[in-house]
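Engineer: The structure's right below; bear with me while I get my questions together.
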Amino acid sequence: MKASELKNKGIKFTLADKEYELKFNMNTFCKLEEIYDDINKAFEDLQNMKIKSY
């Protein structure tokens, strides 16, 4: 999934048997791009549940 597809769609995930939807704003995109140097790599890692702190 490309970053542009997530702007309005978000990511659905389940935690403790409850479903949530995570949506991103422009500040989130900027911060992820700053950390990963590639926004699409950031979302690829999120999709693969590779979420770690830098």
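The values are calculated or read from the model by the stated rules, or taken from the named source; none is laboratory data. Just so we're clear, the structure is a prediction, and the values are computed from it rather than from any experiment. Counting neighbours? That spans all protein chains shown, and the Cβs are built from the backbone with ideal geometry, glycine included.
Engineer: Take the conditions at pLDDT 70 or above, out of contact with any Ser or Thr (no Cβ under 8 Å at 6 or more places or on another chain), charged (D, E, K, R) and not in a strand (DSSP E or B) and apply them to Lys12. Does it pass?
Structural biologist: Criteria not met by Lys12.
Engineer: Inside the stretch 17-33, can you point out the residues that are modelled with pLDDT of 85 or more and among the hydroxyl-bearing types (Ser, Thr, Tyr)?
Structural biologist: Tyr20, the sole residue that qualifies.
Engineer: May I pose another question? Output the number of residues of the stretch 35-54 satisfying the condition of being in a loop (DSSP other than H, G, I, E, B) and modelled with pLDDT of 75 or more.
Structural biologist: Taking the stretch 35-54 first, the residues in a loop (DSSP other than H, G, I, E, B) are 37-38, 48-54.
In the following step, the residues that additionally are modelled with pLDDT of 75 or more were identified as 37-38, 48.
Matching residues across the stretch 35-54 total 3.
Engineer: Can you run down the residue pairs with Cβ atoms below 9 Å, 6 or more apart or on separate chains, where the first is in the stretch 17-39 and without any contact (Cβ under 8 Å) to a residue 40 or more places away in the chain and the partner is in a helix (DSSP H, G or I) and loosely packed, with under 10 Cβ neighbours inside 10 Å?
Structural biologist: Between residues of the stretch 17-39 that are without any contact (Cβ under 8 Å) to a residue 40 or more places away in the chain and residues that are in a helix (DSSP H, G or I) and loosely packed, with under 10 Cβ neighbours inside 10 Å, the close pairs are Lys23/Asn8.
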